[in-house]
Amino acid sequence: MPKEKEKAKEEVKEKIEAKDSGSEEEEKIEKEEAQEVVKGEKPEESEWIPRTKLGKMVKEGKIKDIDEIIGKYKILEPEIVDYLLPDLQIDFFAIGQAKGKFGGGKRRLWRQTQKKTAEGNVPTFGVMAVVGDGRGHVGIGYGKAKETLPAREKAIRNAKLNITRIERGCGSFDCSCNEPHSIPYRVEGKCGSCRIVLYPAPQGTGLVIGDEGKKLLRLAGIKDVYSRSFGQTRTTINYVKACLEALKKTTQYIK
Ligand SMILES: [Zn+2]
């Protein structure tokens, strides 16, 4: 509990600092962020011309359920997922941090890295996205580019291509319903030094997990879960990968 309080305090501090710091760079980034959100909301309506056999079958209506594809075929066109799961939601993990004197270290959605060359520094942006329909289909993807917007698009595309099915259920001893609000049993995932254990929880518990894990579980359609984590969990990329690894194990006994 004290940890949570500290976290809340830090958040408040950050907010205050954000208000105080009026550096131009910060404002610029904030403006960019706002613009991108507006851009992201506009749906691009253009006719999809499938280029793979699988895509053609999906467009002709021969495949109506994404479960027929997952695990059997490799999805090469993100439009296949758009077609079969029209209510797909998108979220981004905070994998990077802001630079600068005042608001520096603040968590950002993109990670900025640099290559040193003779001409100067060449920055690259990386973004990590998660897509999910809230009914057991979820995928994460990493994209990088020289600007934040294309990196974001690449991440969404990769997330759609990596979509997998997870099994929901109610395996809690404190709850005897048969609704798919939690996970069927205890699962564990690991990536790098990050290790996460997810436990089933009774209805009304909520997601007892870090903020980045919450984003993943919410889009997967899980409402209640307990968790334990070990290792360098502030490495967000490995943290969410470990979390997804754990979720994937919910299907290990299903054929
Ligand atoms: Zn239950």
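The values are calculated or read from the model by the stated rules, or taken from the named source; none is laboratory data. What you see is a predicted model, and the numbers here were worked out from it, not measured in a lab. Glycine also receives a Cβ, built like all others from the backbone with ideal geometry; neighbour counts cover every protein chain displayed.
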Check: Can you pull out the residues in segment 147-184 that are buried (at least 16 other Cβ atoms within 10 Å of the Cβ) and of a type in the set (Phe, Trp, Tyr)?
Finding: none
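Condition check ((1) in contact with a strand residue (DSSP E or B) (Cβ under 7 Å, 6 or more places away or on another chain); (2) buried (at least 20 other Cβ atoms within 10 Å of the Cβ); (3) within 30 Å of VAL58 (Cβ to Cβ); (4) not assigned by TED's automatic domain parsing to the domain that holds THR236) across all residues:
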| residue | (1), (2), (3), (4) |
| --- | --- |
| ASP91 | yes, no, yes, yes |
| LYS101 | no, no, no, yes |
| GLY105 | yes, no, no, yes |
| LYS116 | no, no, no, yes |
| VAL131 | yes, yes, yes, yes |
| GLY134 | yes, no, yes, yes |
| HIS137 | yes, yes, yes, yes |
| ILE140 | yes, yes, yes, yes |
| LYS144 | yes, no, yes, yes |
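Part of a strand (DSSP E or B), under 29 Å from ILE166 (Cα atoms) and touching a residue at least 24 places away in the same chain (Cβ under 8 Å) - does that describe any residue in segment 69-88?
Among the residues of segment 69-88, not one is part of a strand (DSSP E or B), under 29 Å from ILE166 (Cα atoms) and touching a residue at least 24 places away in the same chain (Cβ under 8 Å), which makes the answer no.
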Next item on the list: Give me a count of the residues in segment 160-218 that are touching a Leu at 6+ places or on another chain (Cβ under 7 Å), within 16 Å of the ligand (Cβ to nearest atom) and closer than 27 Å to LYS74 by Cβ.
Entry: 2
Margin query: Can you report the number of residues in segment 44-68 which are without any contact (Cβ under 8 Å) to a residue 60 or more places away in the chain, touching a Leu at 6+ places or on another chain (Cβ under 8 Å) and surrounded by 16 or more Cβ atoms within 10 Å (Cβ to Cβ)?
Written below: 4
Margin query: Pairs please, first residue from segment 220-245 and more than 16 Å from the ligand (Cβ to nearest atom), second anywhere and of a type in the set (Lys, Arg) and in a loop (DSSP other than H, G, I, E, B), Cβ atoms under 8 Å, 6+ apart in sequence or on different chains.
Written below: ALA220/ARG168
Next item on the list: Kindly indicate the residue of segment 215-230 that is of a type in the set (Lys, Arg) and surrounded by 18 or more Cβ atoms within 10 Å (Cβ to Cβ) and also farthest from GLY141 (Cα to Cα) among those meeting that condition.
Entry: LYS223
Notebook entry, point to check: So which of GLU245, GLU188 is over 28 Å from PRO86 (Cβ atoms) and acidic (Asp, Glu)?
Noted result: GLU188
Checklist line | Members of segment 89-124 found to be of a type in the set (Phe, Trp, Tyr) and either part of a strand (DSSP E or B) or under 19 Å from ASN238 (Cβ atoms) (or both), listed by number | finding: PHE92, PHE93, TRP110
